[in-house]
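Following: one structure in structure tokens, then a few remarks.
The values are calculated or read from the model by the stated rules, or taken from the named source; none is laboratory data. Small disclaimer: the values here were computed from a predicted structure and weren't measured. When we count neighbours, we look across all protein chains shown, and the Cβ atoms used for this are built from the backbone with ideal geometry, even at glycine. Accessible surface is based on the protein model in full, side chains and every heavy atom, while ligands, DNA and RNA are left aside. Shrake-Rupley method; radii C 1.70, N 1.55, O 1.52, S 1.80 Å.
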Amino acid sequence: MDTNGPTVRVIIQQCLSARLQVQPRGDSQAAEYVKVRRGVVLYLCFLKGATLEIIPKVVKAALNVKLSECGSSEERAKVSVLDLPGDVLIVPQATLGGKLKGKSMQYHSNISKEDALSLYQEFVQLVQVTTLFFCVKGGAKICSRTYGKRQVLSVETNGPYTHVLDF
């Protein structure tokens with residue numbers, strides 16, 4: 001990690017299931033959602049200094065960290081989302097770069113929306129490729145969110161089992 005602080009912040013939350021609204025309800029249409037089963041939700045924020053070069057390291061760590069329980073209730077070994085196999089829901093979360101100043105949050109540490117969008121798209125693509133090639137038992141589902149929109153999220157977890165990773 002850079003001595004000036006992190007350039008990418010990821011919160012990883014183990015989930016039994018999650019549902020994210022990708023399109024709000026309109027006058028003539030129902031709301032649309034993406035849903036995942038057991039796996040992880042990745043909340044992702046890009047901070048100043050983030051570049052494409054950091055993306056493989058972040059993806060590798062996020063997909064290989066052993067957070068999910070597997071096995072009988074007596075054994076409960078921890079495995080990665082690739083080992084389950086589990087689903088992955090990727091949620092852009094620029095607010096993770098916020099700092100409290102007085103009673104307000106400021107986001108001066110975040111990179112520009114355009115640069116963040118580019119890095120987010122690269123991250124999602126590399127997660128898709130990695131799970132396709134390295135998911136031990138196959139069958140993982142990858143869902144991501146349209147960048148820069150409001151989000152309605154529901155997560156069912158048997159934790160909470162949530163971790164912050166800074167890169």
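Table for the structure above
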read-out: Test: residue in the range 153-167 that is at pLDDT 90 or above, surrounded by 11 or more Cβ atoms within 10 Å (Cβ to Cβ) and either among the aromatic types (Phe, Trp, Tyr) or part of a helix (DSSP H, G or I) (or both); value: yes
read-out: Any hit, the range 118-138, residues being modelled with pLDDT of 90 or more, exposed (fewer than 14 other Cβ atoms within 10 Å of the Cβ) and in a strand (DSSP E or B); value: no
read-out: Any hit, the range 67-86, residues being within 26 Å of Asn4 (Cβ to Cβ) and aliphatic (A, V, I, L, M); value: no
read-out: Some residue of the range 118-127 being in contact with a strand residue (DSSP E or B) (Cβ under 6 Å, 6 or more places away or on another chain) and aromatic (Phe, Trp, Tyr); value: yes
read-out: Residues (open to solvent by less than 100 Å² (accessible area, probe 1.4 Å), of a type in the set (Gly, Ala, Ser) and out of contact with any helix residue (DSSP H, G or I) (no Cβ under 8 Å at 6 or more places or on another chain)) located in the range 27-64; value: Ala30, Ala31, Gly39, Gly49, Ala61
read-out: In the range 1-17, the residues that are farther than 18 Å from Tyr147 by Cβ and touching a residue at least 60 places away in the same chain (Cβ under 8 Å); value: Met1, Gly5, Pro6, Ile12, Gln13, Gln14, Cys15, Leu16, Ser17
